[in-house]
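Here the structure comes first, spelled out in structure tokens, and everything after it is commentary.
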Amino acid sequence: MRFNPTSPFIQQLMQAIIQTEQGNLAQAEAILDKMYRQTDDDYEKFLLAYQFAKVTTDIFERVKWLSVSLESAQKIDDEDVKSAYVTLFRDLSEAYKALGNHDYEKKYLELAEVEPTTPTDQGPFYHGTKADLKVGDLLVPGGLSNYQDDLVMNHIYFTANLNGAGLAATLAKGTGKERVYKIVPTGELENDPNVTDKKFPGNLTRSYRSVQSLKIVAEIEDWQALSQQQKQEWQAKVKNNEGEIIN
């Protein structure tokens, strides 16, 4: 699993994203340029090039960086990047439309339309919580949100990202021990709309939800817990988050 929300790379990339969202494009570009020159990793190039495409105001540069992002992702071509393809294809189609290149506009639109619209991820899947549960127990929708008081959730959430499940355990309500369980969905799953195509293309965190139950098949003991400082930083982010939860 390549995406780690607590990794130094993602944390630094988030600084560029924040600068972009605040309209500080020169500062964002400086961060991205330094990071890009320091890496030869295809996954990092895929993410950096995508952000370069969002920062630039030059449509030719946008096409160039979207193409670099797509090419880097296709070198990897696994579940860590596949959900981004449809987003990259659509963005390239729109960019070529702006250039008046209707052949390439059509090409990338058709590629986007043949991409799967539902997750193809086969897991394994995990759920982070502070509840003390047993193998065979079922997790069901209807619990309170970890991120918004008094909001009853219509879905049960889970992830193929062990680090993400550990983060969810940290942020979960309650005072119990942080736990990560391996689970099996009993029904259909969908991409979590709260993270899909938000900061990053597609569903790179491999975060999902279901209206049907999740069956616990094991407790994971060897996941990496956050440091106390990381916990405080993430709890502060959640407390200050004013975004609407898609329920």
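The values are calculated or read from the model by the stated rules, or taken from the named source; none is laboratory data. Just so we're clear, the structure is a prediction, and the values are computed from it rather than from any experiment. Every residue, glycine among them, receives a Cβ derived from its backbone with ideal geometry; neighbour counts consider all protein chains shown.
Here are some notes:
- Filter result for Leu13 (closer than 24 Å to Leu162 by Cβ, assigned to a helix (DSSP H, G or I) and free of Cβ contacts under 8 Å to residues at least 40 places away in the same chain): yes
- Qualifying residue in region 131-139 (condition: out of contact with any Leu (no Cβ under 8 Å at 6 or more places or on another chain), exposed (fewer than 13 other Cβ atoms within 10 Å of the Cβ), closer than 22 Å to Gly23 by Cα and modelled with pLDDT of 95 or more): no
- Exactly one residue out of Asp77, Asp91, Asp40 is at pLDDT 95 or above, surrounded by fewer than 17 Cβ atoms within 10 Å (Cβ to Cβ) and out of contact with any strand residue (DSSP E or B) (no Cβ under 9 Å at 6 or more places or on another chain), and it is Asp40.
Here's the yes/no breakdown for (1) in contact (Cβ under 8 Å) with a residue 60 or more places away in the chain; (2) part of a loop (DSSP other than H, G, I, E, B); (3) in the same structural domain as Asp137 (by TED's automatic domain parsing):
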{"residue": "Asn154", "(1), (2), (3)": "yes, yes, yes"}
{"residue": "Gly166", "(1), (2), (3)": "yes, no, yes"}
{"residue": "Lys177", "(1), (2), (3)": "no, yes, yes"}
{"residue": "Ile183", "(1), (2), (3)": "no, no, yes"}
{"residue": "Leu226", "(1), (2), (3)": "yes, yes, yes"}
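- Within region 57-70, considering residues that are surrounded by 17 or more Cβ atoms within 10 Å (Cβ to Cβ) and not aliphatic (A, V, I, L, M), the one farthest from Ile10 (Cα to Cα): Arg62
- Among the candidates Gln19, Gln51, the residue that is at pLDDT 95 or above, within 24 Å of Pro119 (Cα to Cα) and in a helix (DSSP H, G or I) is uniquely Gln51.
- Selection within region 185-208 - of a type in the set (D, E, K, R) and either under 19 Å from the mean Cα position of the chain (by Cα) or not in a loop (DSSP other than H, G, I, E, B) (or both): Glu190, Asp192, Asp197, Lys198, Lys199, Arg206
- Flag if Gly128 is in contact with an Asp or Glu (Cβ under 9 Å, 6 or more places away or on another chain) and either surrounded by 16 or more Cβ atoms within 10 Å (Cβ to Cβ) or modelled with pLDDT under 85 (or both): yes
- For region 22-31, a residue qualifies if it is part of a helix (DSSP H, G or I) and either in contact with a helix residue (DSSP H, G or I) (Cβ under 8 Å, 6 or more places away or on another chain) or at positive phi (or both), and the qualifying residues are Leu25, Gln27, Ala28, Glu29, Ile31.
- Cβ-Cβ under 7 Å pairs, at least 6 apart or on other chains, region 103-124 side over 13 Å from Tyr85 (Cα atoms), far side in a loop (DSSP other than H, G, I, E, B): Asp121/Glu79; Asp121/Ala160; Asp121/Arg206; Gly123/Ala160; Pro124/Ala160
- When residues in region 11-34 are screened for being within 26 Å of Ser207 (Cα to Cα) and either small (Gly, Ala, Ser) or crowded, with 18+ Cβ neighbours inside 10 Å (or both), 6 of them pass.
- Restricting region 198-247 to residues that are of a type in the set (Phe, Trp, Tyr) and at pLDDT 80 or above, the residue that is surrounded by the most Cβ atoms within 10 Å (Cβ to Cβ): Tyr208
- Applying the criterion of being touching a residue at least 60 places away in the same chain (Cβ under 8 Å) and not in a loop (DSSP other than H, G, I, E, B) to the residues of region 125-138, the residue that is farthest from Arg206 (Cα to Cα) is Leu138.
- Qualifying residue in region 77-85 (condition: over 21 Å from Ser207 (Cα atoms) and not hydroxyl-bearing (Ser, Thr, Tyr)): no
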